[in-house]
Amino acid sequence: MEIQYLLNQALENENIREIEIVVKILKEFEKITQIKFELLHKELMEKPKKGLKQSKFSII
């Protein structure tokens, strides 16, 4: 992963500014990942639940 390489280089060079930049990138990536998860969850919850009412013995 390129971010891992950047972090390793920054740590190796003890460059605080580069480390801060990599941390900011990782935080933004985390936000994007969280938004994607929330959108996927919303999409799954809105889909019609097929087959759940076919039998009075369904477990829901």
So, in segment 1-17, of the ones that are part of a helix (DSSP H, G or I) and within 23 Å of the chain's Cα centre (by Cα), which residue ends up surrounded by the most Cβ atoms within 10 Å (Cβ to Cβ)? 7
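Conditions tested, residue by residue: (1) in contact with a strand residue (DSSP E or B) (Cβ under 6 Å, 6 or more places away or on another chain); (2) modelled with pLDDT of 90 or more; (3) among the hydrophobic types (A, V, I, L, M, F, W, C).
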residue	(1), (2), (3)
1	no, no, yes
21	no, yes, yes
26	no, yes, yes
51	no, no, no
Pairing a residue in segment 13-24 that is touching a residue at least 12 places away in the same chain (Cβ under 8 Å) with any residue that is β-branched (Val, Ile, Thr) and surrounded by 10 or more Cβ atoms within 10 Å (Cβ to Cβ), where Cβ atoms lie under 9 Å and the two sit 6 or more apart in sequence or on different chains, gives 22/3
Test: residue 39 is assigned to a helix (DSSP H, G or I), surrounded by 10 or more Cβ atoms within 10 Å (Cβ to Cβ) and modelled with pLDDT of 90 or more: yes
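The values are calculated or read from the model by the stated rules, or taken from the named source; none is laboratory data. Everything quoted here is computed from the prediction, not taken from an experiment. Please note: Cβ atoms are built from the backbone with ideal geometry, for glycine as well, and neighbour counts cover all protein chains shown.
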